[in-house]
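The next block holds one structure in the form of structure tokens; read it before the comments.
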Amino acid sequence: MDHTSKHSLNTTPVPVRRRVWPVGQILLLLPALLLLLLFFVLPNLDVVRVGLFDPDFTLEHVAKITSTRTYLSVFGNTIQISLVVAVLGALIGYPVAYFINSRPRAIQMKLLLLILVPLWMSVLIRSYSWMVLLGRDGVLNAALMWLSVTEAPVRLLYTSGAVYLAMLQILLPVQIIASYSAMTEIDMTLVRAAQTCGASAVQAMRRVFIPLSMEGTVTGVALVFMLSMGFFITPALVGSRKDLMLGNLVMQHVQQLNWGLAAAIALLMLLATLVVVVLIKAAGRYLTRWMV
Amino acid sequence: MTVQLNKIVCGALAACTLAAVGATYAADKTLTVAWSGGSVAQAERQTFIAAFEKANHARVDLKASELAVLAQLESMVKIGDTSWDVVELSGGKLPVAADKGLLEPLDYSVIDPQNKLPAIAREKYGVVWGTYSTVLVQNTSKNPKGKKMRSWKDFWDVKTFPGPRSLRAWPKENLEYALLADGVDKNDIYKVLGTEQGLDRAFRKLDQIKPYVPVWWENGAQSVQLLADQEVYYSTTFNGRVEKLVKDKVPVEIVWNGGALMRGFMGIPKGSKNIDLAQQYIKLRVLDADLDRQYIQQIPYPGFAPGLMDGLKPEFIRTLPASPENLEMQFVSDDQFWKDNIAHIQERWNEWMLK
């Protein structure tokens, strides 16, 4: 915004420049594009091929999934778990990111490290850690019994609650980092300007700061959602028998070299993810407009 | 910068040449074996591989492969560049690999010329190197006074033996156990399970035990952990894992009766460049009782080498899944049945689990 206002004040005529293709820049991008093509686009196209051609075009696999009750309920379950984890992640992650952003620079780096270190640890190890914490003889139950909250150990592990908790902990750093990086971009003089113009601290927060950090936060929600959709180890380890996710079904079929069905599940999963991500983005825009 | 880079490249090249020269001096040929990792690999190296390398002037390269072995094998064969010569395949995976044409047929005139191996050890595309069992384990301190589980009927008897139980979170073996608990003879399990009514019967029986199973285990380590933490009092697990519980002073006992004997196979990937050498390795692996005796003292997965039980202590023999006595009490998991039926049974199982 600053730039445009400066330009409009500039009275010297701007020379008309012909649109030139930035050949040099495109050449620089080439290795990255090639890498994307080889290791992302082509494999994904292959998944499409395996899921839809057997060897000729067929909707057999897709129809099987969309007409079987089990697949549909696992589908619904996966989307539900992923959405809840993504929304809870934003509700918890946003204040944490705000807190980090409001500290002095040197402390910010240390706090960020606390967020990053768990992110670097394997998902498997973190899932096992939750088993240690939540088990019958686990740390949490021992603490509850010591505090006389309960007499006998409570069932915490092997429940849907454990799945939410573990997935939330595993994916929370992603949300915090997304929100945080959006907040560092915000020019804090705008918030102060709003207050100078008479806005209360809460109003300045609601109508200036939050809307400005909304896009990064929504991106975080979408990221967490996408990552959740592919989870299968964590629900298998800490969940109940009802916490079956699409990833688990893909595993089952891959183990039998049943590539067609596995690819079809993956395709529908991709499609559902894309739709929900678009909806999440739209919800974010709507929320921003409503706040401003 | 370039000078330094040159130095590094030269150094690396020199090191590679040296290594290559060293390797050619040490062995004429390299046999690549795709096998489990960890302690299983270590035991394999100390016994069979050490002996084979000495006898054949060859080097054996052991590749840990247990996770996505079928997918890797399939892509290798499809591309037409097979870098493995021998591959370990669980009973569940062998028929899948065989049906997809990923394996060379075995030449039993080389591997078992005198026909010493029993029929259950010899399949067209794979031969049994070792066995393990998925067995019922009971925490004896949780049993009512003077009572012990002896069969699957007892596992289902929640009045006499109250307490949480665990089973593996997949249909294999569990359906067999359910039929045994329902009174089916162990020789008829797969005949019954092959019919729609038989399948219904197994699931109906599982319905009875479902409320008493708070946890369905996913991997072996977890099943042992459940017993150790007393999260459950009775669970199925792999027999090889029970030793660890005993060492940790958990009072457990195996119920061999009605256990599922699982076969571990080895085969030759299609297009292997060292088929002759691979057959020699397989022969040593499945027929040499002396080496297998050393091996099973480290990992209790005995094969069917003739004379394997000779000279072993009776109390050790009793702990082995393929001991004559335990063999008598168990059923052999029918890998071909599961290959042919897993698709629709797995779907029904998923549905049943979600209910």
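Are there any helices (runs of 4 or more DSSP H) wholly within the stretch A:186-229 with 3 or more residues that are surrounded by 16 or more Cβ atoms within 10 Å (Cβ to Cβ), and if so which? Before you say what the answer is, go through the steps one by one.
Working: elements: A:188-196, A:201-204, A:210-229.
Of the helices (runs of 4 or more DSSP H) lying wholly inside the stretch A:186-229, those with at least 3 residues that are surrounded by 16 or more Cβ atoms within 10 Å (Cβ to Cβ) span A:210-229.
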When every residue in the stretch B:326-335 that is more than 14 Å from chain A (Cβ to nearest Cβ) and in contact (Cβ under 8 Å) with a residue 12 or more places away in the chain is compared, the one farthest from the chain's Cα centre (by Cα) is B:MET329
So, in the stretch B:178-218, exactly how many residues are under 24 Å from the mean Cα position of the chain (by Cα), within 14 Å of chain A (Cβ to nearest Cβ) and assigned to a loop (DSSP other than H, G, I, E, B)?
1
Report every pair of residues separated by at least 6 positions or lying on different chains whose Cβ atoms are under 9 Å apart, first residue within the stretch A:169-194 and closer than 30 Å to A:VAL85 by Cβ, second of a type in the set (Ser, Thr, Tyr) and not in a helix (DSSP H, G or I).
A:MET183/A:SER102
Condition check: assigned to a loop (DSSP other than H, G, I, E, B) and at pLDDT 95 or above. Does B:GLY303 satisfy that?
yes
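Given the condition more than 14 Å from chain A (Cβ to nearest Cβ) and either in contact with a helix residue (DSSP H, G or I) (Cβ under 8 Å, 6 or more places away or on another chain) or among the aromatic types (Phe, Trp, Tyr) (or both), answer yes or no: does some residue in the stretch B:88-98 qualify?
Going through the stretch B:88-98, the residues more than 14 Å from chain A (Cβ to nearest Cβ) turn out to be B:88.
Going one step further and asking which of them are either in contact with a helix residue (DSSP H, G or I) (Cβ under 8 Å, 6 or more places away or on another chain) or among the aromatic types (Phe, Trp, Tyr) (or both), we end up with B:88.
The answer is yes, given that some residue of the stretch B:88-98 is more than 14 Å from chain A (Cβ to nearest Cβ) and either in contact with a helix residue (DSSP H, G or I) (Cβ under 8 Å, 6 or more places away or on another chain) or among the aromatic types (Phe, Trp, Tyr) (or both).
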Are any residues in the stretch B:224-250 closer than 20 Å to A:VAL132 by Cα, in a helix (DSSP H, G or I) and either within 12 Å of chain A (Cβ to nearest Cβ) or among the hydrophobic types (A, V, I, L, M, F, W, C) (or both), and if so, which ones?
B:VAL224, B:GLN225, B:LEU226, B:LEU227, B:ALA228, B:LEU245
So the check is Cβ under 6 Å with 6+ separation or different chains; which pairs have a first residue in the stretch B:109-130 that's modelled with pLDDT of 95 or more and a second one that's of a type in the set (D, E, K, R)?
B:ILE111/B:LYS283; B:VAL128/B:ARG263; B:TRP129/B:ARG285
Given (1) more than 30 Å from A:LEU257 (Cα to Cα); (2) in contact with a strand residue (DSSP E or B) (Cβ under 8 Å, 6 or more places away or on another chain); (3) modelled with pLDDT of 95 or more, number of the condition B:ALA58 does not satisfy
(3)
Show the residue pairs that are 6+ apart or on different chains and have beta-carbon atoms under 7 Å apart, the first residue being within the stretch A:58-73 and under 19 Å from A:VAL254 (Cβ atoms) and within 9 Å of chain B (Cβ to nearest Cβ), the second being assigned to a helix (DSSP H, G or I) and among the β-branched types (Val, Ile, Thr).
A:TYR71/A:ILE65
Output the number of residues of the stretch B:336-355 satisfying the condition of being of a type in the set (Val, Ile, Thr) and more than 9 Å from every other protein chain (Cβ to nearest Cβ).
1
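Sort out which residues of the stretch A:130-154 are free of Cβ contacts under 8 Å to residues at least 12 places away in the same chain and within 13 Å of chain B (Cβ to nearest Cβ), and write them in order of number. So that I can check it myself, show each step before the final result.
From the stretch A:130-154, those free of Cβ contacts under 8 Å to residues at least 12 places away in the same chain are A:132-133, A:139, A:142-152; that's our starting set.
Correct list: A:VAL132, A:LEU133, A:VAL139, A:ALA142, A:ALA152.
The values are calculated or read from the model by the stated rules, or taken from the named source; none is laboratory data. Values in this document were obtained by computation on a predicted structure and should not be read as measured data. So basically every Cβ, Gly included, is an ideal-geometry build from the backbone, and we count neighbours across all protein chains shown.
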